[in-house]
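Worksheet: one structure, shown below.
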Amino acid sequence: MKQQLSVEHLLGIKYLNKNDIDLIFETANNFKEVINRPIKKVPSLRDITIANLFFENSTRTKLSFELAEKRLSADVINFSASQSSVKKGETLIDTVNNILAMKVDIVVMRHPNVGAGVFLSKHVDAKIINAGDGTHEHPTQALLDSYSIKEKLGTVKGKKVVIVGDILHSRVALSNIFALKLQGAEVKVCGPTTLIPKHIRSLGVEVETNIKKALEWCDVANVLRVQHERMDIKYFPSTREYTQLFGINKEILDNLGKKIVIMHPGPINRGVEITSDVADADQSIILNQVENGVAVRMAVIYLLAQQIKR
Amino acid sequence: MSKKVLLNSKEIDIILHRLACQLIENHNDFSETVLIGLQPRGSFLAKRLASILTYDYKIKDIHLGLLDITFYRDDFRRRDEPLEATNTQIDFLIENKNVVLIDDVLFSGRSVRAALTAIQSYGRPENVELLVLIDRRFSRHLPIQPNYRGRQVDAINEEKVIVHWKELHSKDAIYIDNK
């Protein structure tokens, strides 16, 4: 197998091919072993500096990236928009170039605007890793989701995955659709019609509006949070109604006649899209996703850093 | 290109038994000793020695681990070909143990240097020894010498020592290849 990624940056899953995903997963297997050692650190990236630029709030992605970078022995600087000159009117390129002037090799960026990572990759001289750009893509989340499915079920190919919830505002959904299709999975989306993008079928995805039918069909349900913060208008009458129509509870799962895998990218709104007993059930792999996130991000950073020549 | 046989399978078998005996001399019942094969190529030698110790010399409970050193190498990003990682399988701690690192060919010593760093992730060993099948003299970049060696070879730098294991290549053999 080819040992090098076909891309220079990780801007989205849509730029990757199947070999890239296989290579990332194989490398992640090695790092998963590393992070379960008594001493969870390797010196590979000791001369690499990484800047984490978060122009939008994040808890677990930021922690996961920072931990991944530190486990690889990289030097890490953190930046969040709330405490920065962005508020004073500085442009994105200026902000990033100022940071790069301090000799930074890799930029991990989350930004509220779609395409911010692609834009930056064309204007600055550093490796860019997209940690979420608006409602567009969140590639490392999709990679860790697929990795977790593969770990649990042995393969992604041929598996039936339903993505439930707010598809319209979800970068996790789009990246997951790209990643799952690339690996040969069947994908359905399920949610209120107002929260399903109009042309989603053009991605080779089916739409299901009945949660019970969707769950009966699938092997894996990836449940998304309703992103109230991105909603400028009302997309459904009330949270209670959403929960009644699309919430996943123990009773629905017990009546399926099979055990499906439950995933959630977090943060969970317990009692809204998923009840507590489902989130904590043994068929839920939510915390495995978090653990795998560190290994997968280590793999992505390692493989991109491998391309940096001095 | 010519390929010369350095050791045939019979000679390799004799050497492996000698190395096993030398290990027994220093490590008795192996209760405080762990064998660590360096991935990928040292693992064949390590497994072979472990099986000789277990079946021919009836030593019970040999601790055998396989260590991948890819992430500890000093030539990351400095070579043309990307590095390929393999698995590490060490399911025990090496705290206060006698560690024997095992590799097929000792050349520059850089892999062993990386292994010495890598092994620290599993605890602080009591001491560390090095066993190699082929020790190439005059080619070291670092002050590293083996404690146990199968055969010492004076090969010039352009020559390549190629180890074939029957698990991979149908028979055991070691060649010197001068291009």
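FYI, it's all coordinate maths here, none of it is from the lab. Every value quoted in this text rests on a predicted model; they were computed, and no experiment measured them. A quick note on method: Cβ atoms are made from the backbone with ideal geometry, for glycine too, and the neighbour counts reach across all protein chains shown.
Put in order of Cβ neighbour count within 10 Å, fewest first, the listed residues B:Phe71, A:Phe119 become A:Phe119, B:Phe71.
Build a GNM of chain B with springs between Cα atoms under 10 Å apart, and of B:Arg79, B:Arg48, B:Arg136 the one that fluctuates most is B:Arg79. For region B:9-158, what relative contact order do you get, as a whole percent, if you take Cα pairs closer than 8 Å and at least 6 residues apart? 23 percent.
Here's how it looks for A:His9: its modeled amide H is under 5 Å from none belonging to a residue 5 or more places away or on a different chain. With the helix formula -39500 (n - 2.57) applied to DSSP H stretches of n ≥ 4, chain B reaches a computed 222 nm mean residue ellipticity of -7000 deg cm²/dmol. Karplus-derived 3J(HN,Hα) values for region A:246-257, using 6.51 cos²θ - 1.76 cosθ + 1.60 with θ = phi - 60°, are 10, x, 9, 10, 4, 4, 4, 5, 5, 8, 6, x Hz; glycine and proline are entered as x. A cut-off of 5 Å between modelled amide H atoms, ignoring neighbours fewer than 5 places along the same chain, links A:Val261 with A:Val220, A:Ala221. Dividing the helix sum by the residues of chain A, where each DSSP H run of 4 or more adds -39500 (n - 2.57), gives a mean residue ellipticity at 222 nm of -11500 deg cm²/dmol. Under the convention that each Lys and Arg Cβ holds +1 and each Asp and Glu Cβ holds -1, the size of the dipole of region B:69-179 around its Cα centre is about 240 debye.
With bins 5 Å wide starting at 0, give me the P(r) of chain B over every alpha carbon pair, in whole percents. P(r) for chain B, in whole percents per bin: 1, 8, 17, 21, 21, 17, 10, 4, 1, 0.
In the calculated pair-distance distribution of region A:1-160, the portion above 25 angstrom amounts to 32 percent of the Cα-Cα pairs. Its residues counted as N, region A:30-109 yields a C-alpha radius of gyration over 2.2 N^0.38 Å of 1.23. What the pair-distance distribution of region B:46-125 shows, using all Cα-Cα distances binned every 10 Å from zero, is 15, 44, 30, 9, 1 percent. Here the translational diffusion coefficient of region A:243-310 follows from Stokes-Einstein with Rh set to the Kirkwood radius across Cα pairs; for 4 °C and 1.567 mPa s it amounts to 92 µm²/s. Which log10 I(q)/I(0) values, to two decimals, does region A:94-170 give at q = 0.23, 0.24 Å⁻¹ under the Debye formula with one point per Cα? Normalising to I(0) and taking log10 leaves -1.03, -1.08. Residues A:Thr135, B:Thr117, A:Thr243, A:Thr140, ranked from the fewest to the most other C-beta atoms within 10 Å, line up as B:Thr117, A:Thr243, A:Thr135, A:Thr140. Report, in whole Å, the centroid distance computed from the Cα atoms of region B:78-132 and region A:54-69. Here the answer is 32 Å between Cα centres. The ratio of the alpha-carbon radius of gyration of region A:139-286 to the globular-protein estimate 2.2 N^0.38 Å is 0.95. Derived scalar couplings between HN and Hα for region A:66-73 equal 5, 5, 4, 5, 5, 5, 8, 6 Hz in order, rounded to whole Hz, by the Karplus curve 6.51 cos²θ - 1.76 cosθ + 1.60 (θ = phi - 60°), x for Gly and Pro. Scalar couplings 3J(HN,Hα) for region A:208-213, obtained by applying the Karplus form with A = 6.51, B = -1.76, C = 1.60 to θ = phi - 60°, are 9, 9, 9, 4, 5, 4 Hz; x denotes Gly and Pro.
Here the Gaussian network model covers chain A, with springs between Cα atoms less than 10 Å apart; of A:Ser148, A:Ser44, A:Ser121, A:Ser44 fluctuates the most. The convex hull defined by the C-alpha atoms of chain A has an orientation-averaged projected area of 16.3 nm². Straight-distance candidates among the lysines for linking to B:Lys4, with alpha-carbon spacing under 24 Å and chain neighbours fewer than 8 residues away dropped: B:Lys160, B:Lys166, B:Lys171, B:Lys179. For region B:73-179, the normalised intensity computed at q = 0.24 Å⁻¹ comes to -1.41 (log10 of I(q)/I(0), Debye sum over alpha carbons, equal scatterers, no solvent). Is the shape of region B:125-179 rounded, prolate or oblate, going by the alpha carbon gyration tensor and its root eigenvalues a ≥ b ≥ c, with a/c under 1.5 for rounded and a/b larger than b/c for prolate? Verdict is oblate for region B:125-179.
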